[in-house]
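Nothing in this text is a laboratory measurement; each read-out follows from the coordinates by a stated rule. The shown structure was predicted, so the numbers you read here are calculated from the model rather than taken from an experiment. Cβ sites come from the backbone with ideal geometry, for glycine too, and all protein chains shown count toward neighbours.
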């Protein structure tokens, strides 16, 4: 079994319901071991859109990284995601953040997630779960990466509740 981290992001529709539904779908594909609190965050990239709900799950899987990507894309499709504008609003976004300590660079998949170290909305919930985990490419802890970013929000919601 490989330990993985998956980021969830939603800013359209009934965000809380969508987040719970996405969690349930993902739980059918991997064994979720821990879930961060839910964070409400400002959009990244294209800022003229609704705020996001974000969380990160720690999980274990026997799927290869490519098989996991395919499974997550299937979940997104089944939940109604239509790929459109880059960084635009979405009903669901599931990203493989880390897959063990692997470094993978292919046309359709890059692990660790290529923008992980730039995104406070991912680093906040990831640091909640595993602050000392080392980024396999940058060799800095998740907490060190988080401290390098300016604080631009990332309000934690429902700190004792999970999706």
Q) When 104, 92, 82 are ordered from fewest to most other Cβ atoms inside 10 Å of their Cβ, what list results? A) 82, 104, 92
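May I ask for the Kirkwood hydrodynamic radius of the range 1-115, worked out over all distinct Cα pairs and given in angstroms to one decimal?
Working: mean 1/r = 0.0695 Å⁻¹.
Kirkwood hydrodynamic radius for the range 1-115: 14.4 Å.
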Q) Can you give me the pair-distance distribution of the range 72-128, C-alpha pairs, 10 Å bins, whole percents? A) 19, 47, 33, 1
Q. Could the peptides 19-32, 137-150 be put in order, highest first, of the mean number of other beta-carbon atoms found within 10 Å of their residues?
A. 19-32, 137-150
